[in-house]
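Notes for the one structure printed next.
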Amino acid sequence: MRNYIQLRRLATQPKLASAKRKWKSVVGLEVHAQIASASKLFSGSGTAFGAPLNTSVAYFDASIPGTLPVLNRKCVESGIKTSLALGCRVNKVSMFDRKHYFYADLPNGYQITQQRAALANDGLMTFPVITPGKKVYYKSVKLLQLQLEQDSGKSLHDEQLKRSLVDLNRAGLPLMELVFAPDLETGEEAASLVKELMLILKRLQTCSCKMEEGALRVDANISIHQEGDPLGVRTEVKNIGSVRSISQAITFEINRQLELVAEGGVITNETRSWDAEHRCTVAMRDKEVLQDYRFMPEPNLPPLHVNLKPGCCSTVDLISVAELSEEIPELPEHTRQRLVEQYKLNAETAIILVNEPVLLEHFLSTIKSLPEVSTKLVTNFLINDLLTYCNKLNLNVEQCAISSNSLSDILKLLQAEEINLQAARQLIQLLLTEPQSVVSELVKQHSLQQISDLTAIEAYCRQAIAQQPKAVQQYHKGKAKALFAIVGEVAKLTQQKANMKIVVECLEKLLKSDQKK
């Protein structure tokens, strides 16, 4: 059996040339999204994350005899909004079923879900795929169905005391299960799909999408097959805790399967877990025996009817799909198109801004408050400087405490050439540690003003020329690139504070003057 080090190495090894030619990878996703609701799907108990153990538990959640489920209308409306946003066909009638299996944290011995007739079917998602170093492209994936179901509780295992306890706070939390067709091929496509889905759910306010809190959980089904053959035996990968891990886990599993068949091995139908620490998948259990869930209609919940006809009055208080469709806000792809048309941004820049809602908020706020600042300057600063620096610190841009007002102040100083880009980057670092500071005071406090005085710059340029005789000689011989060495010397002498535009002009003038002599 391969050890962790061998498995991790597979993720970085290039695929065999023969595997690239003969094999295709297939990926399908199942996503469980916790519906943003103050109460659970079938009871009135709360849904707040982090509540003390077993304090958000109604009698029904604990399966006390004689208790009955009461369907949460808000959850149904959220499910319908999500279905409409994803292009689904909302069903006029949907049904609830019991899915039987035994877990200690499932008090009833069954889960209430929608197996026979889901809330919605036949959706389609089209989303941009962002792969580092490659051109962005769009991918479409079918959404087979969206169904409502309740969550189970949580088992807590104490290794020292050798006992397990159960927390039922999560039991009965409202979930939307989204089942996507196996239309994906790579880990990057899967990660991009989840990213787009998260953007949509947040716009709709139907799910917080906080994966660290379990509000969004992703399972990936992965297989490989030779071109022209039926789909291969699939493995299911669970416990994927972030968008980045989705790409890593699926890429690893594809490579593992390719390596296995290349060595003459056989892929088994099993469930595997993603080990984020060692960056590999680990076998959990096999699926050779098909589990019988004994699905049966939920006798305590009648069929769920919704009103599909706009303007249709009914004596029954049905949920109006037409009215809910009018509440759907601008979706991410429409925002991208608007940015391109209204602000003349290129498609890739629009994709990056929309994929990072905080950057988009900063962009729109800055453009509104500083119409004189070019959109190119704003987007370059937000993407190439703010976002890059956050990534360098492994900091989510949503966790960045810098306000839009502070960023606008920096860009205003940049536009007026009172500071240069190097100083602007330093201000980002200072504001991350001192978010309440005023930009103008930081500039004075750390002497970040740009040196634009012609007399001062000329003095620095003459000093740099004297210290770079070799570069000066090369420049006089026609090597224009040698000028950069002298410019770099000026930057060093001025501690990166000189106005480089003026420096270049001054150096060219001085060097041409020296050459004539």
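Numbers for the structure displayed
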item: Scan of region 390-420 for residues that are in a helix (DSSP H, G or I) and under 21 Å from Ser440 (Cα atoms), ordered by number; result: Ser404, Asn405, Ser406, Leu407, Ser408, Asp409, Ile410, Leu411, Lys412, Leu413, Leu414, Gln415
item: Meets criteria (among the polar types (S, T, N, Q), more than 23 Å from Leu84 (Cβ to Cβ) and out of contact with any strand residue (DSSP E or B) (no Cβ under 9 Å at 6 or more places or on another chain)) for Gln160; result: yes
item: So Thr47, is it in contact (Cβ under 8 Å) with a residue 40 or more places away in the chain and closer than 30 Å to Leu143 by Cβ; result: yes
item: Residue match in region 279-286 (condition: in the same structural domain as Tyr103 (by TED's automatic domain parsing), closer than 30 Å to Val26 by Cβ and buried (at least 20 other Cβ atoms within 10 Å of the Cβ)); result: yes
item: Counted residues, region 283-319 - those being more than 30 Å from Asn269 (Cα to Cα) and at pLDDT 70 or above; result: 16
item: Where a residue in region 340-364 is over 20 Å from Leu201 (Cβ atoms) and its partner, wherever it lies, is not in a helix (DSSP H, G or I), with Cβ under 6 Å and at least six apart; result: Glu348/Val136
item: Identity of the residue in region 261-272, hydrophobic (A, V, I, L, M, F, W, C) and closer than 18 Å to Arg285 by Cβ, that ends up surrounded by the most Cβ atoms within 10 Å (Cβ to Cβ); result: Ile267
item: Residue in region 421-430 that is assigned by TED's automatic domain parsing to the domain that holds Ser404, part of a helix (DSSP H, G or I), basic (Lys, Arg) and modelled with pLDDT of 90 or more present; result: yes
item: Test set (1) touching a strand residue (DSSP E or B) at 6+ places or on another chain (Cβ under 9 Å); (2) at pLDDT below 90 - Val472 fails condition number; result: (1)
item: Count of residues meeting criterion [among the small types (Gly, Ala, Ser) and in contact with a Ser or Thr (Cβ under 6 Å, 6 or more places away or on another chain)] in region 42-70; result: 4
item: Filter result for the condition that a residue is assigned by TED's automatic domain parsing to the domain that holds Arg89, within 20 Å of the chain's Cα centre (by Cα) and closer than 26 Å to Lys74 by Cβ, over Leu184, Leu173, Leu193, Leu178; result: Leu178
item: Failed item in (1) exposed (fewer than 14 other Cβ atoms within 10 Å of the Cβ); (2) outside any helix (DSSP H, G or I), with Val373 passing the rest; result: (1)
item: So Glu177, is it within 17 Å of Ile35 (Cα to Cα) and surrounded by fewer than 21 Cβ atoms within 10 Å (Cβ to Cβ); result: yes
item: Among (1) modelled with pLDDT of 95 or more; (2) in a helix (DSSP H, G or I) - the single one Ala19 does not satisfy; result: (1)
item: Qualifying residues in region 33-43 (those that are touching a residue at least 40 places away in the same chain (Cβ under 8 Å) and part of a loop (DSSP other than H, G, I, E, B)) - the one surrounded by the most Cβ atoms within 10 Å (Cβ to Cβ); result: Lys40
item: From Pro174, Pro230, residue being touching a Cys at 6+ places or on another chain (Cβ under 9 Å) and more than 19 Å from Pro332 (Cβ to Cβ); result: Pro174
item: Any hit, region 78-88, residues being of a type in the set (Lys, Arg), assigned by TED's automatic domain parsing to the domain that holds Asp151, touching an Asp or Glu at 6+ places or on another chain (Cβ under 8 Å) and surrounded by 15 or more Cβ atoms within 10 Å (Cβ to Cβ); result: yes
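The values are calculated or read from the model by the stated rules, or taken from the named source; none is laboratory data. Just so it is clear, the model here is predicted, and its values are computed rather than measured. Ideal geometry is used to build each Cβ from the backbone, glycine not excepted, and the neighbour counts take in all protein chains shown.
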